[in-house]
1. Would you check which residues across the stretch 15-34 are touching a helix residue (DSSP H, G or I) at 6+ places or on another chain (Cβ under 6 Å) and either part of a strand (DSSP E or B) or among the small types (Gly, Ala, Ser) (or both) and list them?
2. List every residue pair whose Cβ atoms sit under 8 Å apart, with the two residues 6 or more apart in sequence or on different chains, where the first one lies in the stretch 154-172 and is closer than 17 Å to residue 9 by Cα and the second, anywhere, is surrounded by 10 or more Cβ atoms within 10 Å (Cβ to Cβ) and polar (S, T, N, Q).
3. Which residue is nearest to residue 110 (Cα to Cα), if the candidates are limited to the stretch 55-71 and must be at pLDDT below 95 and surrounded by fewer than 16 Cβ atoms within 10 Å (Cβ to Cβ)?
4. Among all residue pairs at least 6 apart or on different chains, which show Cβ distances below 7 Å where the first residue, located in the stretch 115-141, is within 11 Å of residue 102 (Cβ to Cβ) and the second is of a type in the set (Lys, Arg) and not in a helix (DSSP H, G or I)?
5. Considering (1) surrounded by 20 or more Cβ atoms within 10 Å (Cβ to Cβ); (2) part of a loop (DSSP other than H, G, I, E, B); (3) modelled with pLDDT of 95 or more, say which one residue 40 fails and leave the rest.
6. Just checking, which of 51, 35 is under 18 Å from residue 94 (Cβ atoms), of a type in the set (Val, Ile, Thr) and surrounded by 11 or more Cβ atoms within 10 Å (Cβ to Cβ)?
7. Counting only residues that are in contact (Cβ under 8 Å) with a residue 40 or more places away in the chain and of a type in the set (D, E, K, R), how many does the stretch 77-104 have?
8. For the stretch 122-144, what are the residues that are acidic (Asp, Glu) and either under 23 Å from residue 1 (Cβ atoms) or in contact with a strand residue (DSSP E or B) (Cβ under 9 Å, 6 or more places away or on another chain) (or both)?
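The values are calculated or read from the model by the stated rules, or taken from the named source; none is laboratory data. Everything quoted here is computed from the prediction, not taken from an experiment. Don't worry about glycine lacking a Cβ; one is built from the backbone with ideal geometry, like all the others, and counts go over all protein chains shown.
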Amino acid sequence: MRGLIQIYTGNGKGKSTASYGLALRASGRGLKTMIIQFLKQGNSYGEHFAIEKIENIDIRSFGQPKFINFKNPAPEDIKLANDAFDFSKKTIDEGKYDIVILDEINIAVHFNLIKLKNVIEMLKNKPENVEVVLTGRFAPKELIEIADLVSEIQEIKHPYQKSINAREGIEY
């Protein structure tokens, strides 16, 4: 199988969920997926509990339990984003997984927690058989140009507009 580069971006809800759906479909066909979460703490999201029960999908998270102040990120947030990038590069280069999902990497690039040029270099040098999926708002045009598939998820309406808070099992 030839591995392509996919991007799920936009201001709407469902970018990560779409990539997890791809991982689920791939697992059903015997493909191995690694999900690498940038800026998210593990074990507090429903997908972690589900993935533990699914064959052929692994997940690693690199984030703190609190939200990042993107105007003034803590040194630990920058370190964790770069740890996630280093782990991503190593995972992609090893070629052990058919699909590698870089969840919220676009946000990490947009807020300069990791360098765009490093992401581009990693993608251009990936093994041909590895599919790479990048999620998150603010996908830079440079990544969109090298991607094979780009989907923009646009928000039309959202429950928070009615003061409905995030719900366990639905949003996280």
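1. Let us first name the residues in the stretch 15-34 that are touching a helix residue (DSSP H, G or I) at 6+ places or on another chain (Cβ under 6 Å), namely 20, 33-34.
The answer is 33, 34.
2. 154/11; 155/11
3. 70
4. 132/126
5. (3)
6. Working: 51 fails: under 18 Å from residue 94 (Cβ atoms).
Selected residue: 35, the only one of 51, 35 that is under 18 Å from residue 94 (Cβ atoms), of a type in the set (Val, Ile, Thr) and surrounded by 11 or more Cβ atoms within 10 Å (Cβ to Cβ).
7. Residues meeting the conditions: 4.
8. First, pick out the residues of the stretch 122-144 that are acidic (Asp, Glu): 128, 131, 142.
128, 131 - these are the residues of the stretch 122-144 that are acidic (Asp, Glu) and either under 23 Å from residue 1 (Cβ atoms) or in contact with a strand residue (DSSP E or B) (Cβ under 9 Å, 6 or more places away or on another chain) (or both).
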